[in-house]
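Data first, discussion second: the structure below is written as structure tokens.
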Amino acid sequence: MCGIVGAVAQRNVVPILIEGLRRLEYRGYDSAGIAILNGAMERVRSVGRVSDLEARAREMRAIAPTGIAHTRWATHGGVSEKNAHPHFSSRDGVEVSVVHNGIIENHEALRARLLEAGYQFVSDTDTEVIAHLLHSHVASGLKLFEAMQQTVRELAGAYAIAAIHVGEPHTVVGSRRGSPLLLGVGQSNAEGSENFLASDTSALLQVTRRVAYLEDGDVVRIGTDGYAIVDRDGRPAHRPIVESQLSADSIELGQYQHYMQKEIFEQPGAIANTLEMVTNASSVSAGLFGAEAEEVFARTKHILILACGTSWHAGLVAKYWLEAIAGIPVSVEIASEYRYRDSVALPKTLVITVSQSGETADTLAALQHATTIGLRDSLSICNVPESALVRQSRLRFLTRAGPEIGVASTKAFTTQLTVLFVLTLVLARQRRRLSAAREKELLAQLRHLPAAMNHVLECEGAVRHWANRFAPKQHALFLGRGVHYPIAQEGALKLKEITYIHAEAYAAGELKHGPLALVDRDMPVVVVAPNDSLIEKLKSNLQEVRARGGELFVFADRDTLIEDQHHQPRGSRGVAVADPARGAAAAAGVSRGAGARDGCG
Ligand code: GLU
């Protein structure tokens with residue numbers, strides 16, 4: 001799901017649309033386009049960068065007071081100019097144009113119907129059905145706003161849409177379901193006002209900070225005369241205008257090469273910010289999670305964690321903590337599975353959703369499903385205060401990771417883990433499973449976490465060197481035991497997502513039950529091996545890998561490696577990783593075990 005910007009003003013909106021797209025580039029995209037209204041409807045599309053689109057718009061001398069713009073991440077139809085948005089539908093003097101994020105699930109049925117009605121399709125996208133459907137309603141005599149309301153009633157799937165129509169030159173309409181869209185309120189004077197739509201606040205910071213978050217099913221109209229919103233039932237809806245706190249600096253790249261690097265280095269600060277309320281206190285309190293938390297936690301007998309991707313991995317780690325420290329049974333479910341399966345609702349279950357954006361469609365639907373089957377106690381761990389998940393949950397704890405611009409989650413993951421650990425402490429205390437002395441000790445370790453993480457980040461040079469060895473490989477294995485098994489899973493996900501190298505994670509004890517057969521000198525094996533109670537067992541697994549000639553990349557505590565140099569498998573490359581539980585002394589340093597030619601420090 002990529003980016004949308006829409007604008008209506010009494011000035012040329014083309015630079016506003018292009019700048020908006022530029023600010024959405026961080027989300028990744030394969031093509032981009034804009035459609036504008038200036039007497040006629042004009043369109044520029046480009047397979048490539050927003051800067052190419054900008055150059056083409058300049059060549060065309062595109063100037064207009066009304067327009068919509070899009071960055072596309074193809075889901076239906078290849079990457080080509082004809083599939084890039086905006087899409088047009090033009091017939092009998094009615095011309096509309098549409099941009100869309102998401103997927104229209106019933107596009108085939110709609111396409112068949114529209115073909116029968118005489119519409120011709122010129123793209124392979126699901127989006128084009130929206131353009132023709134909207135056209136059919138405008139052609140039947142509806143105003144664009146009403147036509148959009150009618151159109152979305154017929155769509156199944158997830159979408160954010162913006163549209164324009166030649167017959168209404170100072171109007172842009174939009175709608176959302178399962179994909180974000182917000183309204184930006186710009187400056188106004190006696191001649192009128194300027195208003196905007198966008199899929200993300202950052203696209204509008206150049207023109208306004210005053211935004212209203214649309215809710216699922218909402219349809220919106222913006223014009224130079226103001227704006228109007230109706231809800232899914234067509235009733236006028238009030239969505240509060242809030243001042244966005246997003247800082248312009250926080251989305252600038254600064255000294256870093258790319259956003260993922262920047263965000264990796266922002267982790268200590270993000271964790272310190274997230275812990276602000278905790279680290280100043282001498283003990284943790286349920287109130288950190290909301291006014292009702294004490295009461296809700298007191299009746300909680302089970303926990304159900306619902307999440308997707310990286311957030312699911314955070315949930316898997318939390319299961320180890322919550323069961324071991326707080327003594328509460330926990331299930332962790334992939335939201336897109338849970339929402340569609342018949343499950344048994346255990347009474348007194350606290351449903352915890354974990355999501356960076358708080359708008360993850362599967363997680364939202366899973367929460368709604370849980371509510372429908374009677375699980376009404378919910379807690380959201382989320383990075384966006386105004387998000388749907390936070391609004392729909394009884395309790396919340398906001399991670400303060402700041403905007404996460406890189407495609408792969410980094411600081412959102414580690415701040416989620418931080419919050420889940422705080423939750424573990426709160427629940428353990430409430431259940432009298434945590435002595436005051438132990439609580440104090442664990443809180444001290446939490447306070448130390450940002451500093452420990454800074455030490456880990458000093459390993460960048462060594463890790464960079466490792467990356468060169470990984471680059472030619474086709475596959476990689478990640479291993480961990482206990483709480484570090486989900487961390488290994490997260491590592492494998494990161495490698496796949498960012499490098500397109502195939503990677504799998506295994507609980508190290510599973511190695512001998514099959515995957516060991518895959519290990520040879522072309523298979524790098526990454527091991528998450530801090531010095532915990534399972535380290536001896538893990539060392540045996542490393543020997544298994546070594547026996548098959550696999551190249552080991554081991555993340556371990558510095559002192560473990562130094563003490564146990566003779567255990568270091570030949571060919572392994574050790575990086576000592578700071579262990580927050582063991583203080584700065586355990587922080588990163590050079591490891592020179594047998595065959596480990598590089599490290600960090
Ligand atoms: N499904 C639409 C397409 O493939 C929109 C994809 C997007 O979210 O950018 O064109």
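The values are calculated or read from the model by the stated rules, or taken from the named source; none is laboratory data. Since the structure is predicted, the reported quantities are computational estimates derived from the model, not experimental observations. A quick note on method: Cβ atoms are made from the backbone with ideal geometry, for glycine too, and the neighbour counts reach across all protein chains shown. These area figures cover heavy atoms from the full protein model, side chains too; ligands, DNA and RNA do not enter into them. Shrake-Rupley method; radii C 1.70, N 1.55, O 1.52, S 1.80 Å.
Once both labels are modelled 7 Å past Cα along the beta-carbon direction, what's the residue 285-residue 467 spacing in nm?
4.4 nm
Just the accessible area for residue 526, please: 1.4 Å probe, Å², rounded to the nearest 10?
About 10 Å², rounded to the nearest 10.
Enter the mean projected area of the convex hull around the alpha-carbon atoms of the chain, in nm², rounded to one decimal. Present the calculation step by step, with values, prior to reporting the outcome.
Numbers: hull surface 115.6 nm².
So the Cα hull casts an average projection of 28.9 nm².
Please report Rg over Rh for region 465-531, where both radii come from the alpha carbon positions and Rh follows the Kirkwood definition.
For region 465-531, the value is 0.95.
Taking the 0 to 90 degree range and rounding to the nearest ten, how far is the long axis of helix 144-153 tilted relative to the main principal axis of the chain, both from C-alpha atoms?
Approximately 50 degrees, to the nearest 10.
Which entries of 82/496; 348/440; 262/494 have Cα-Cα distances beyond 24 Å here? Walk me through the intermediate numbers first.
Working: 82/496 30 Å; 348/440 29 Å; 262/494 16 Å.
Violating the 24 Å limit, Cα to Cα: 82/496; 348/440.
What's the percent breakdown of Cα-Cα distances in region 290-351 across 10 Å bins, shortest bin first?
Result, from short to long distances: 21, 48, 30, 1 percent.
Sorted by average packing, counted as other Cβ atoms within 10 angstrom per residue and highest first, what order do 41-48, 287-294 take?
41-48, 287-294
Could you please put 263, 146 in sequence from largest to smallest accessible area, using a 1.4 Å probe? Each step should come with its number before you reach the end.
Numbers: 263 0, 146 80 Å².
Descending order: 146, 263.
With the crude spin-label approximation of a point 7 Å out along Cα→Cβ, what separation in nm comes out for residue 436 versus residue 233?
Result for the modelled spin labels: 5.4 nm.
List the aspartates and glutamates whose Cα lies under 14 Å from the Cα of residue 319, skipping any in the same chain that are fewer than 8 positions away.
333
How many angstrom lie between the Cα centre of region 196-221 and the Cα centre of region 137-181?
Region 196-221 and region 137-181 have Cα centres spaced 16 Å from each other.
In Å and on Cα atoms, what radius of gyration and Dmax does region 433-486 show?
Calculated on Cα positions, Rg and Dmax stand at 17.3, 52 Å.
Could you state the per residue volume, in Å³, of the convex hull enclosing the Cα atoms of region 100-255?
In region 100-255, the Cα convex hull volume per residue is 140 Å³.
Give me the compactness ratio for region 404-462, meaning the Cα radius of gyration over 2.2 N^0.38 Å. Mind dumping the intermediate values first?
Values: Rg = 14.7 Å, N = 59, 2.2 N^0.38 = 10.4 Å.
The reported ratio for this selection is 1.42.
Given H placed 1.01 Å from N in the peptide plane, which residues other than close sequence neighbours of residue 350 have an amide H under 5 Å from its amide H?
301, 302, 303, 304
Between residue 142 and residue 51, what is the FRET efficiency for a Förster distance of 35 Å, r being their Cβ-Cβ separation, to the nearest 0.05?
E between residue 142 and residue 51, to the nearest 0.05, is 0.35.
What is region 304-450 by shape, rounded, prolate or oblate, if you read a ≥ b ≥ c off the alpha carbon gyration tensor as root eigenvalues and call it rounded for a/c under 1.5, prolate for a/b larger than b/c, and oblate otherwise?
It comes out oblate by the Cα gyration axes.
Would you rank 466, 73 by solvent-accessible area, highest first, keeping every protein chain in place and using a 1.4 Å probe?
Heavy-atom accessible area, descending, gives 73, 466.
Against the longest alpha carbon principal axis of the chain, how many degrees, from 0 to 90 and to the nearest 10, is the axis of helix 460-470 turned?
With both axes taken from Cα atoms, the answer is about 80 degrees.
Please compute the Kirkwood hydrodynamic radius over region 91-159, one decimal place, Å, based on all pairs of different Cα atoms.
12.1 Å is the Kirkwood radius here.
Convex hull volume of the Cα atoms in region 52-123, per residue, in Å³?
119 Å³
At q = 0.18, 0.25 Å⁻¹, what is the log10 ratio I(q)/I(0) for region 148-215, with the Debye formula run over Cα points and no solvent?
Per q value, in the given order, log10 I(q)/I(0) is -0.75, -1.16.
May I ask for the angle, rounded to the nearest 10°, between helix 14-24 and the longest principal axis of the chain, with both axes built from Cα atoms and the value confined to 0 to 90°?
Taking the Cα atoms of the chain, the angle to 14-24 is about 20 degrees.
Tally Lys and Arg at +1 and Asp and Glu at -1 over the other residues with C-beta under 15 Å from the C-beta of residue 347: what net charge comes out?
Taking every Cβ under 15 Å from that of residue 347, the sum is +3.
For a bin width of 10 Å, list the pair-distance distribution of region 405-524 built from all Cα-Cα distances, rounded to whole %.
Calculated P(r), rounded to whole percents: 11, 30, 32, 19, 7, 0.
In deg cm²/dmol and to the nearest 500, what is the mean residue ellipticity at 222 nm of the chain if only DSSP H runs of at least 4 residues count, each as -39500 (n - 2.57), divided by the residue total?
-10000 deg cm²/dmol
Note down the Stokes-Einstein diffusion coefficient of region 174-266 in µm²/s, whole number, using a Kirkwood radius over alpha carbon pairs, 10 °C, and 1.306 mPa s. Spell out each step's value before the answer.
Details: Rh = 14.7 Å.
Once the numbers are plugged in, D ends up at 108 µm²/s.
If you take the C-alpha gyration tensor of region 124-170, multiply each eigenvalue by 5 and take the square root, what semi-axes do you get, largest first, in whole Å?
Numbers: eigenvalues 63, 26, 21 Å².
Ellipsoid half-lengths, sorted descending, are 18, 11, 10 Å.
Might you work out the accessible area of residue 126 for me, using a 1.4 Å probe with all protein chains in place, and round it to the nearest 10 Å²?
Here the accessible area works out near 0 Å².
For region 352-426, which trypsin sites (Lys or Arg not before Pro) are in a loop by DSSP, counting at most 14 other Cβ atoms within 10 Å?
376
If you add up the charges near residue 107, with Lys and Arg at +1 and Asp and Glu at -1, over every other residue whose beta carbon is less than 10 angstrom from its beta carbon, what do you get?
Numbers: positive: 111; negative: 105, 108, 126, 128.
So the surrounding residues net to -3.
What FRET efficiency comes out for residue 225 versus residue 292 if R0 is 60 angstrom and r is the Cβ-Cβ distance? Round to the nearest 0.05.
Computed FRET efficiency for residue 225 and residue 292: 0.90.
Taking Rh as the Kirkwood radius, which is the inverse of the mean 1/r over Cα pairs, what is the Rg/Rh value for region 40-176?
For region 40-176, the value is 0.94.
Multiply the residue gap between residue 121 and residue 243 by 0.36 nm, knock off their C-alpha separation, and tell me the result in nm, one decimal place.
The span from residue 121 to residue 243 would gain 39.8 nm if fully extended.
Net charge around residue 506, counting only other residues with Cβ within less than 15 Å of its Cβ (Lys, Arg = +1; Asp, Glu = -1)?
+1
Calculate, in nm to one decimal, what residue 113 and residue 444 gain on full extension: separation in residues at 0.36 nm each, minus their alpha carbon distance. Write out the running numbers ahead of the final one.
Details: separation 331, 0.36 × 331 = 119.16 nm, distance 6.46 nm.
Gain on stretching residue 113 to residue 444: 112.7 nm.
Just the number, please: Stokes-Einstein D of region 1-113 in µm²/s, Kirkwood Rh from C-alpha pairs, 25 °C, 0.890 mPa s.
Details: Rh = 14.3 Å.
Stokes-Einstein gives a translational diffusion coefficient of 171 µm²/s.
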